[in-house]
Amino acid sequence: MGNCVSRYKQPFPVSRTEKNMARSGVPDGLPIAEPTTSFWTIPATPISKPRSQENLPSHADVVIIGSGISGASFARTLLECGDCLHVVMLEAQDVCSGATGRNGGHIFPATYHDYEYLKKRVGEDMAKKIMRFRKAHLDEILTVAAEEGITEYTQCRAVEGVDVYFDKPTFKEAQRKLQVYQRDMGEHAGSYACYEGLNAQEKFHLSPLAVGCIITRAGAIHPYRFVTSILSRLLRDYPKEFEIHIRAPCTSIDEPTSSCPFYRLTTARGVITTPHVVHLTNAYAPALLPALKGAILPIRETMTAQRPGRNLHASTLRGGRSFVFFDSPRKGFDYLTQLPEGEHELMFGAGFESNMDSRNNAMYDVHSAAHVGGAMPIYFGAESWGAEALPTTPTDKQDVGAGLWAEGRVKAIWSGLLSESVDGMPWVGKVHVNVAGRKAPPASSAPSALNSNTKKLKSVVTAAPGEWIAAGYSGEGMVHAWLSSKAVALMLLGEDLTEVNTWLPELFSVTEDRVKVAKRTFKPDVVLSGKRCVFSL
């Protein structure tokens, strides 16, 4: 996860793709209680503890569905820029229990890999805007972590990002794509360097099988700590305005009626009305927006936390480097970050080595698990990997999850559900009523603020009521979600969007025409997001 879907972009047979999508069993459903435990989520945040005594309020100015990185970004922007809005966040399971809390912790945007194709498809100016949008996320997240005072706790950092290639034709094509990208993007391209053959193997302590590397600036983070720290702080700073209700899946949304001029959301914890519904559930968005079935697809991927070989720190710099490993054009890819503390666990995941089988009740795929459990000594080589590490004896402070983790190389293994947008673009903004499939509340139902002097209602403090979304990140949530959701919050507040429009790609907007074209034109085997065209050899 993290970057896993869009970094694969190596074509595989239609039959396999369609089979995986058909077997997923979740596009129409609600978030499930995952049967595997993500290493990131231990210890659990205190705000994930059930509060059975707290009743769901009957009404809120804004209802957010989802509590991952999109929810954190949206809530932070809305509460800090809004005017005394009452905001309720609904989470089907535990706080940050979905894709954000189960991903790879990468902030590693797809750039040269798919720039040339995007240029041909949407034009040079829009392709450049999409590149800048993705690249902006690293500095944005670093800035947010600093503002929140959680940089060290969340392990939020810039790292050296290394794309490692094991196939010569693929590496040569990647170098050509990089030249096109750098030529067109100019100073906005960022810094890149290429290393070939023995130079690459020696500099990054890689296997003799590696044929080359392309390096640039990237980032890494503890995603669960990042999201839950922000949500915890918002609960403290806005105790009257903001509340989170977990184990409260929204099962239906009814349109307004003559007797109730608001949306009516039915949940496992009761019914709540609101003029604004914000869908921030990524792969699960089609459950409540059926028109998006077939436009946003679910894919299940496998992640692990592994103890590094005793010689590996020369390669990984104890968390200072992140890797993406590209095998042949016909196979998947893998991705790696390393924690900068504790046992310096390797957070290692499989790209399209896995699929989801609902018959396994959302367990990780056995083939994928076997692959990630044994791949790293091959990628780095036996000498660079070294002897297997032994579990350390944790201090009392570190003794979290004692007895939960395995004692071998693979300390923990889990899976998670991410999304794939069939046209390769996130879905960001207001949802047209024809896409939502239900009418919006009247303008008169929009929240209004009370004038403290006259005690009379002032003008409305939001845009016209409706439904909103940020979803379909195609495995690139860490380089799409934060700014996408921030933009949606500013849209809902009715802010001047002149500045937002300079960085938010217009193609991300949610229109009826886009839905129709995406579902009619794009097929699962030719999804266009991410690094596909590096591998069109």
Any hit, the stretch 484-496, residues being open to solvent by 60 Å² or more (accessible area, probe 1.4 Å), at pLDDT 95 or above, hydrophobic (A, V, I, L, M, F, W, C) and not in a loop (DSSP other than H, G, I, E, B): no
Subset of the stretch 78-134 that is farther than 19 Å from Gly472 by Cα and among the small types (Gly, Ala, Ser) - its residue that is modelled with the highest pLDDT: Gly123
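Listed here are the residues, each with its yes/no results for (1) outside any loop (DSSP other than H, G, I, E, B); (2) within 30 Å of Gly104 (Cβ to Cβ); (3) modelled with pLDDT under 95; (4) touching a strand residue (DSSP E or B) at 6+ places or on another chain (Cβ under 8 Å).
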residue	(1), (2), (3), (4)
Gly219	yes, yes, no, yes
Arg225	yes, yes, no, no
Leu231	yes, yes, no, yes
Ser252	yes, no, no, yes
Ser259	no, no, no, no
Leu265	yes, no, no, yes
Val278	yes, yes, no, yes
Ala291	yes, no, no, no
Check on Ser258, free of Cβ contacts under 8 Å to residues at least 40 places away in the same chain and open to solvent by 20 Å² or more (accessible area, probe 1.4 Å): yes
Check on Val144, of a type outside the set (Ser, Thr, Tyr), within 30 Å of Leu265 (Cβ to Cβ) and either without any contact (Cβ under 8 Å) to a residue 60 or more places away in the chain or assigned to a helix (DSSP H, G or I) (or both): yes
Members of the stretch 153-171 found to be surrounded by fewer than 22 Cβ atoms within 10 Å (Cβ to Cβ), charged (D, E, K, R) and closer than 19 Å to Lys203 by Cβ, listed by number: Glu160, Lys168
Index of the failed condition, Val278 passing every other in (1) more than 29 Å from Ala464 (Cα to Cα); (2) in contact with a helix residue (DSSP H, G or I) (Cβ under 8 Å, 6 or more places away or on another chain); (3) open to solvent by less than 10 Å² (accessible area, probe 1.4 Å): (1)
Meets criteria (modelled with pLDDT under 80 and either closer than 18 Å to Thr304 by Cα or in a helix (DSSP H, G or I) (or both)) for Ala362: yes
Subset of the stretch 198-217 [out of contact with any strand residue (DSSP E or B) (no Cβ under 7 Å at 6 or more places or on another chain), part of a loop (DSSP other than H, G, I, E, B) and open to solvent by 10 Å² or more (accessible area, probe 1.4 Å)]: His205, Pro208, Leu209
Test: residue in the stretch 5-26 that is at positive phi, at pLDDT 50 or above and either assigned to a loop (DSSP other than H, G, I, E, B) or surrounded by fewer than 17 Cβ atoms within 10 Å (Cβ to Cβ) (or both): no
Of all residues making up the stretch 53-70, the number that are in a loop (DSSP other than H, G, I, E, B), over 21 Å from Glu476 (Cβ atoms) and either open to solvent by less than 30 Å² (accessible area, probe 1.4 Å) or at pLDDT 95 or above (or both): 5
Any hit, the stretch 158-167, residues being farther than 25 Å from His222 by Cβ and over 25 Å from the mean Cα position of the chain (by Cα): yes
Among (1) open to solvent by less than 30 Å² (accessible area, probe 1.4 Å); (2) within 28 Å of Ser67 (Cα to Cα); (3) in contact with a Leu (Cβ under 9 Å, 6 or more places away or on another chain), the one test that Asp334 misses: (3)
Any hit, the stretch 327-343, residues being touching a Lys or Arg at 6+ places or on another chain (Cβ under 6 Å), modelled with pLDDT under 95 and in a strand (DSSP E or B): yes
Failed item in (1) of a type in the set (A, V, I, L, M); (2) more than 30 Å from Gly374 (Cβ to Cβ); (3) open to solvent by less than 10 Å² (accessible area, probe 1.4 Å); (4) not in a loop (DSSP other than H, G, I, E, B), with Val271 passing the rest: (3)
Hits in the stretch 136-152 (condition: surrounded by fewer than 20 Cβ atoms within 10 Å (Cβ to Cβ) and within 28 Å of Met425 (Cβ to Cβ)): Ala136, Asp139, Glu140, Leu142, Thr143
In the stretch 71-99, the residues that are open to solvent by 10 Å² or more (accessible area, probe 1.4 Å), polar (S, T, N, Q) and under 25 Å from Thr266 (Cα atoms): Gln93, Ser97
Residue that is surrounded by the most Cβ atoms within 10 Å (Cβ to Cβ), among those in the stretch 180-197 that are on the phi > 0 side of the Ramachandran plot and without any contact (Cβ under 8 Å) to a residue 24 or more places away in the chain: Gly197
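The values are calculated or read from the model by the stated rules, or taken from the named source; none is laboratory data. Quick caveat, the model's predicted, so the values are computed rather than measured. A quick note on method: Cβ atoms are made from the backbone with ideal geometry, for glycine too, and the neighbour counts reach across all protein chains shown. These area figures cover heavy atoms from the full protein model, side chains too; ligands, DNA and RNA do not enter into them. Shrake-Rupley method; radii C 1.70, N 1.55, O 1.52, S 1.80 Å.
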